Structures are given as C-alpha cells and as structure tokens.
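The values are calculated or read from the model by the stated rules, or taken from the named source; none is laboratory data. The model shown is predicted, which means the values in this text are computed figures rather than measured ones. Glycine also receives a Cβ, built like all others from the backbone with ideal geometry; neighbour counts cover every protein chain displayed.
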Amino acid sequence: MKIKKLTSILLAATLTLGLVACGGNSKNTSDKTDNKNAKSNKITIWAWDEAFNIVAANKAKEIYKKDHPDAEIEVVTMAQNDIVAKLNTSLSSGSYEGLPNVVLVEDYRIQGYLTSYKDEFADLSSIAKAGDFAEFKTGVNYVDGKLYGIPFDSGVAETFYRTDLIEKAGYTKEDMQNLTWEKYIEIGKAVKEKTGVAMCTLDPSDIG
C-alpha cells in the first residue's frame with residue numbers, strides 16, 4: 001500500500017520511531033477508505049515525553065519536510081499507557097480507523113505486537129540496515145527475518161555503590177572502573193560474602 005511506503009520513507013530518512021502501524025489492512029476497512037489513505041500525504045505520529053521523544057519526532061518532521069514539502073505531518077503527544085491501550089483495542093478488534101502511521105513502542109513490548117499482529121505492520125527490511133544500529137536494539141524488531149521497527153535511541157543506566165563496602169571486600173574505587181560483567185559479578189559476590197550486604201539492588205517492577 002502507498003501509505004506503508006510513505007511511512008517507511010519517513011523512518012528511513014530520519015531513523016525516528018519504533019514501529020509502523022498501517023491502517024487499511026483490516027478486512028473491515030472499505031476500498032473507499034483504502035483509496036483515501038493511499039492518496040493522502042498526511043503522516044500521523046504517536047509518541048510520549050515532550051522533553052525527549054516528541055523533540056525527536058518534531059526534528060524528524062523538520063528533516064522530512066525539506067525533501068517532501070507537500071507532506072502533512074502531525075506529531076501527537078499522548079501518554080504511553082494511552083498509546084498502549086489504543087493499540088491493544090484497535091488491533092484486537094480489527095478496527096484500525098484512527099491509528100497512526102508511526103507509533104513509538106518500548107523495546108519490551110514490540111515482540112508482543114509483532115507476533116500477534118505482524119501483518120498489520122510494515123516490513124522495513126528493504127529501506128533500513130540493521131548494521132547501522134547496535135544489535136541489542138534491532139533484535140527485538142525482527143520476526144521471521146523481517147525488520148518491522150527502527151530504533152532511535154539507546155538509553156544509558158547508572159549504578160551507584162558504597163565505597164565503604166567495596167573497601168571492606170578488599171577492592172578500591174579503581175577496581176570499579178572499566179568493568180566487564182564477569183568482574184562486576186566477582187566483586188558483587190565478594191561484597192556479599194564479606195559484608196553480608198548486596199552490592200546492588202533492582203526494582204523488578206521498573207521495566208521502563
């Protein structure tokens with residue numbers, strides 16, 4: 001469909017958002033709606049976070065319109081939970097009217113959508129190169145060898161530790177620099193064994 005191709009070009013040019021939702025694949029969608037979408041130059045993007053994701057989406061819009069001045073691009077700010085709810089409701093019911101062309105989806109949710117509704121998302125394999133991104137970011141976007149999502153960020157994380165516990169376990173601050181995971185685990189086990197305190201904790205409910 002033309003609407004798929006239009007969306008794919010946007011993603012290829014700007015490497016912006018995660019998944020491409022394509023209206024018009026539903027058996028419930030009329031030919032009239034298909035023709036209307038095919039002729040439309042409007043692209044709708046759903047995302048959340050005014051301080052980061054929306055900034056990236058608007059930058060993508062700016063870049064894309066330089067080469068496609070006739071395109072109408074609407075960036076819609078929506079709470080992440082609302083996006084998830086709308087996608088779940090629309091995809092499960094087969095009623096795709098009102099869905100965006102491009103939607104931001106967290107890494108840990110992507111496979112759920114792709115395995116359940118693969119045919120409703122555009123195959124981006126021909127216009128994006130997985131080698132341009134870190135493997136851990138592109139892996140979740142593949143199903144049956146086809147690429148359905150394009151990563152646009154790689155978030156970092158920080159770990160804090162107590163220097164007094166490290167020292168009691170026989171290590172220094174210098175030992176905590178340029179760590180491999182194997183060394184980190186080794187030090188963590190030593191801290192637990194010699195101090196009785198875990199070196200780090202993790203909130204299992206924090207998946208965002």
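List of remarks:
- Subset tally (residues that are touching a Leu at 6+ places or on another chain (Cβ under 8 Å), part of a loop (DSSP other than H, G, I, E, B) and at pLDDT 85 or above) for the stretch 126-147: 0
- Counted residues, the stretch 168-177 - those being outside any loop (DSSP other than H, G, I, E, B) and closer than 13 Å to V197 by Cα: 1
- Beta carbons closer than 6 Å, at least 6 apart along the sequence or on distinct chains, pair a first residue in the stretch 66-90 that is surrounded by fewer than 16 Cβ atoms within 10 Å (Cβ to Cβ) with a second that is in a helix (DSSP H, G or I) for T77/I54.
- Residue satisfying all of: in the stretch 84-125; part of a helix (DSSP H, G or I) and acidic (D, E); nearest to N41 (Cα to Cα) among these: E120
- Qualifying residue in the stretch 59-68 (condition: part of a strand (DSSP E or B) and within 25 Å of K42 (Cβ to Cβ)): no
- Residues of the stretch 140-166 that turn out to be farther than 30 Å from D119 by Cα, surrounded by fewer than 14 Cβ atoms within 10 Å (Cβ to Cβ) and not basic (K, R), as a count: 7
- Among residues of the stretch 134-147 that are free of Cβ contacts under 8 Å to residues at least 40 places away in the same chain and in the same structural domain as L114 (by TED's automatic domain parsing), those with a Cβ under 9 angstrom from a residue that is of a type in the set (V, I, T) and surrounded by fewer than 14 Cβ atoms within 10 Å (Cβ to Cβ), sequence gap 6+ or separate chain, pair up as V143/T115.
- If you go through the stretch 45-64 and pick out every residue that is modelled with pLDDT of 90 or more and over 20 Å from G149 (Cα atoms), you end up with 2.
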